[in-house]
Every structure is written in structure tokens, then in C-alpha cells.
1. For LEU250, which of the numbered conditions (1) open to solvent by 10 Å² or more (accessible area, probe 1.4 Å); (2) assigned to a loop (DSSP other than H, G, I, E, B) fails to hold?
2. Can you pull out every residue in the stretch 142-168 that is in a loop (DSSP other than H, G, I, E, B) and free of Cβ contacts under 8 Å to residues at least 24 places away in the same chain?
3. Determine whether the stretch 149-160 contains at least one residue that is open to solvent by 60 Å² or more (accessible area, probe 1.4 Å) and over 24 Å from the mean Cα position of the chain (by Cα).
4. In the stretch 171-186, what count of residues is obtained for those that are under 23 Å from ASN273 (Cα atoms) and surrounded by fewer than 17 Cβ atoms within 10 Å (Cβ to Cβ)?
5. SER177 - would you say it is over 29 Å from ALA99 (Cβ atoms), part of a loop (DSSP other than H, G, I, E, B) and among the polar types (S, T, N, Q)?
6. Residues that are surrounded by 24 or more Cβ atoms within 10 Å (Cβ to Cβ) and modelled with pLDDT of 95 or more, at least 2 per element: which strands (runs of 3 or more DSSP E) completely within the stretch 187-243 meet that?
7. Report yes if some residue within the stretch 71-87 is open to solvent by less than 30 Å² (accessible area, probe 1.4 Å), in contact (Cβ under 8 Å) with a residue 24 or more places away in the chain and not in a loop (DSSP other than H, G, I, E, B); otherwise report no.
8. Any chance you could count how many residues in the stretch 119-131 are open to solvent by less than 50 Å² (accessible area, probe 1.4 Å), farther than 25 Å from ALA206 by Cα and assigned to a loop (DSSP other than H, G, I, E, B)?
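The values are calculated or read from the model by the stated rules, or taken from the named source; none is laboratory data. Small disclaimer: the values here were computed from a predicted structure and weren't measured. Note that we place each Cβ from the backbone using ideal geometry, even for glycine, and neighbour counts take in every protein chain shown. All accessible areas refer to the heavy atoms of the entire protein, side chains included, with ligands and DNA or RNA removed. Shrake-Rupley method; radii C 1.70, N 1.55, O 1.52, S 1.80 Å.
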Amino acid sequence: MPRAAVVASLLALALTGAGCVGQVGGETSDDPGGRGDGDGDADADADSDADSDADSDADADSDADADSDADADADGDPPPEPCAPIDGADYATLTIVGAPTDRPAAEHGDINLLLRGWEAVDEHRGLVDVDGPTDQGAPLLSSLFADDRVPDLSAVYAVHQWDWNANAPAGAIADPSVTLSGMQTTPGEPIEAPRSGYDIGDGATALVLYATDRTLTLKYTRDDNVVWGYTIHIVGVCTEPSLLALYQRLDREGRGSLPALRGDQPLGRAVGNEIQVSIRDTGSFMDPRVRKDWW
């Protein structure tokens, strides 16, 4: 082969080899960041996925917090336990006038309303207006509540009579047709001693003749009976613990003195959504719905 041809062939091979190197290394040499971009894309995708996961976790946490806040807002603060103490509760005593009751109060059909029982009646569940005189000093039933409201009457009842010979309840009282009102309450709300125009001593308006974790009987004189003056029975109230303890001690000691309440003084808390209230005048059960007398 002529020398010139050999040189030409060698030059062609050299150029072809350079081109092959350039093509094989193209991913590296022609695009120096090529593999780096591939790794960078993978890292970016990983970072993006991580960010997305973090955002999803954050969203989930945010949703959980929102749900928790919504639940807290919906639930609000839990109501007080019905038998929980009442802040600042402090109770006085007064000596009674005359003799103590002639039998244990818990067994007395005039003092413990639970012994008599009652039955629901189909009568108007609201205040009623009647004619007649009014005692301006009578207990005001709206003051059972801290806001002095006229409550919704959720039910009305007839209290049973008492058979003193059998010492047992008898048929329902027919006149008046309603002798016990169910008044709507919020469980745990404080119930107060109804204020009146009468001062039975040292600023007190009523004695506690009977008390349990379910009921109280208040008397608007210093007699340990229901013969004279006004008597109020309240059922569905848990007596404030210190008042209950005071009553129980004085009862054990012979009832020469009994707890005394001022008007608007808290005496316990509503156990549920209704308290039952009955009022008596000189022993007779009255209609607690009568606007002019009690509201």
C-alpha cells in the first residue's frame, strides 16, 4: 500500500476512535451534569415525597387537632357532679319552737315526701292564673334558681294522700288537681332556698326539716312540723354535703336545733334534668303553678 494511503487510513481510524469515545462518554462528557441530574432528580423526587409525606402528616395532625378541638368545643366543660360541694357553702342553725317531730322524720308522711309518692296527671304544664287574695310574703319559687327564672314545667303530678291509721300512702289528692310540678334543670346546677318575706331569726327564712342525697323539706317557721306556715318539698336535688352532714348530726342529737337557710342560699344541686317541687300552706298541698301566689 502506498505510504500516503497508509497515513490516510491511520488518520481515519484515529478520527473514528475519537468519535466513538465522544459517543460513549457523551452522557458524561457532552452533558457533565447528566448523571448528576439523574441523581439530583431522584433526590428531588425523594425530597418531594418526603415533603409530601410530611405535609400529609401535618394535615393529618391538623385534622386530628381540629377534630379534638371540635370535640372539646362540642362537649364544653363537664357539668359539676350533682353531689359535689358548693364553693363558699356555710350553714347556720336555729333552735326550734315547740317539740320535735313525734316520729323519725324519715318515717313521717308529712315530712318525707318520698313516702307518699305521686303520679303524673294530664293537666296544663305551665303557670295558671286564678282569682283570690295573695300573701306578698309567700316563698317565691322562681328563686329556686340562680337566675330567678320561670322554668319550663316538664311534667305535673298529683301527690298521694296519707293514711295515718295505716301509716301508708293512699289515693292521689284530687283538689287541687296538681300538687307537684316537674321543673326543667341542668344536671349539677345549684338549687337555692326560695326567698320569702319572712325572717325566722338571724336573717334566715327557713329550717331544713329533712334532707337526703335526693330530697329536702324546708319549713318557713321554726316549728318541726308542717302544721303552721309554708312548707316546700324538693325532690331531685342532692343536698350540699356539708348541709347534709349538719342535718344528720342535728337529727341524731334530737332535733332541738336544725339547719337554717337564708333566701337565695344554695342548698344543693340538681341531680338530673328535672326537679319536683311541692308547696304547702298550713299542711294543705297547694297548686305550685299559680302565678299570683308563688311566682
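1. Failing condition for LEU250: (2).
2. ASP147, ASP148, ARG149, ASN165, ALA166 - these are the residues of the stretch 142-168 that are in a loop (DSSP other than H, G, I, E, B) and free of Cβ contacts under 8 Å to residues at least 24 places away in the same chain.
3. Among the residues of the stretch 149-160, not one is open to solvent by 60 Å² or more (accessible area, probe 1.4 Å) and over 24 Å from the mean Cα position of the chain (by Cα), which makes the answer no.
4. Residues of the stretch 171-186 under 23 Å from ASN273 (Cα atoms): 178-186.
Within this subset, residues satisfying the condition of being surrounded by fewer than 17 Cβ atoms within 10 Å (Cβ to Cβ) are 184, 186.
Going through the stretch 171-186 one residue at a time, the tally reaches 2.
5. Working: over 29 Å from ALA99 (Cβ atoms): yes; part of a loop (DSSP other than H, G, I, E, B): yes; among the polar types (S, T, N, Q): yes.
Taking the combined requirement at face value, the residue satisfies it.
6. 206-211, 215-219, 230-235, 237-239
7. The answer is no; no qualifying residue exists.
8. Here is the first cut: in the stretch 119-131, the residues open to solvent by less than 50 Å² (accessible area, probe 1.4 Å) are 121, 126-128.
Subsequent filtering for residues that are farther than 25 Å from ALA206 by Cα retains 121, 126, 128.
Then keep just the ones that are assigned to a loop (DSSP other than H, G, I, E, B); that gives 121, 126.
Adding up the residues that qualify gives 2.
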